[in-house]
Each structure stands twice: as C-alpha cells, then as structure tokens.
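Q: Starting off with a structure, shown below.
The values are calculated or read from the model by the stated rules, or taken from the named source; none is laboratory data. Bear in mind the structure is a predicted one, so any value in this text is a computation, not a measurement. No Cβ is skipped: glycine too gets one built from the backbone with ideal geometry, and neighbour counts run over all protein chains shown. Only protein heavy atoms, including side chains, enter the accessible area calculation; ligands, DNA and RNA are left aside. Shrake-Rupley method; radii C 1.70, N 1.55, O 1.52, S 1.80 Å.
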Amino acid sequence: MANSKTTLKKGDNLPARGKSKKNLILDMLRAKAMLGLKAKSTNEQAEQAFFHHVAESAFNLKDNNRGMCLKLLADKGWASVKPSSELIEFEFDDKADPHIQAAQVMSAAARGLIPPDIANTFIQSIKSMIDIEEYTSLKERIAKLEETLNGNA
C-alpha cells in the first residue's frame with residue numbers, strides 16, 4: 001500500500017471522534033436542567049428521565065404526539081419482529097439430478113404449494129449447490145493435473 005500525506009500511522013495524533021448524538025442530547029438535558037435532571041446526573045438517570053417523559057406523552061390521550069411516542073417506546077423496548085417463511089412441505093427428491101429438483105420446485109409452485117418467491121429461493125439454492133460442486137470438481141482435477149505434471153502420479 002502506498003503511503004501519502006493522508007496515510008495514518010501508529011502514533012499519529014488524531015482529533016477526538018466526538019460524542020455520539022445520544023450523549024450530546026443527554027448532556028443538553030442535564031445542562032438545561034430539563035426533566036428534573038441535575039448537572040451530575042448519570043447517563044442512565046438521564047435516559048430514564050427522558051423515557052419517563054416520553055411515556056407520559058404516549059399515554060396522555062390529549063397529546064397529539066402520543067402515537068409517535070408509543071412507537072418510540074415500542075421500538076426501543078422490543079426488537080422488531082422479523083418476517084419469516086412458514087414451513088413448506090412438497091415432494092422433493094434430494095438425491096435427484098439438479099434439473100429434476102428444479103422441475104419439482106417449479107411444479108410445486110405451479111400447483112400453489114409454495115409461493116413464487118420461495119420457489120425462486122429454492123432454485124437459487126440448487127444453482128449455488130451446482131456452482132459449489134463444479135468448483136470442488138475443478139479444484140480436484142487441477143490438483144491431479146499438477147501432480148501428474150510434477151511426475152508424482
């Protein structure tokens with residue numbers, strides 16, 4: 001790697017990265033003595049005061065921002081539910097040739113047993129398996145050729 005004036009080296013004096021946005025907000029809440037915080041409040045105390053205030057707004061039926069506050073509390077309190085596919089069962093011969101397996105998947109999709117996007121995932125998986133098998137086979141053949149050329153056969 002070429003060195004230039006901008007290449008960082010061990011021991012370089014770099015400017016501080018600065019505080020995260022979260023810490024800047026917590027510092028501001030403390031500095032302005034907002035939410036009943038004192039200047040020496042910990043980050044945990046500042047976060048608790050902030051979320052207490054958000055919760056009060058979230059459960060105040062007259063607050064126009066209550067929906068947004070409820071969403072904020074839910075997003076920060078619980079991980080979002082990740083979509084997942086349901087278990088799918090259809091006839092599939094894992095010992096069959098790849099083109100036959102692909103035909104089985106397409107047949108299942110055509111009959112409505114599996115959704116098209118899942119069928120596509122199956123087909124892409126079959127294609128990836130073919131690619132891996134080809135790579136492995138080529139690697140073995142090259143190793144045998146090199147061994148033969150070197151007189152080790």
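Q: Please determine, by comparing only the residues of segment 63-108 that are open to solvent by 100 Å² or more (accessible area, probe 1.4 Å) and touching a helix residue (DSSP H, G or I) at 6+ places or on another chain (Cβ under 7 Å), which one is farthest from MET129 (Cα to Cα).
A: GLU91
Q: Would a scan of segment 15-37 turn up a residue that is free of Cβ contacts under 8 Å to residues at least 12 places away in the same chain, open to solvent by 70 Å² or more (accessible area, probe 1.4 Å) and among the polar types (S, T, N, Q)?
A: no
Q: Just give me the residues in segment 67-120 being under 30 Å from GLN48 (Cα atoms) and not in a helix (DSSP H, G or I), in sequence order.
A: The answer is TRP78, ALA79, SER80, VAL81, LYS82.
Q: Also, I was wondering about something else. Taking the condition surrounded by 13 or more Cβ atoms within 10 Å (Cβ to Cβ) and within 27 Å of the chain's Cα centre (by Cα), does ALA119 pass?
A: Yes: the conditions hold for ALA119.
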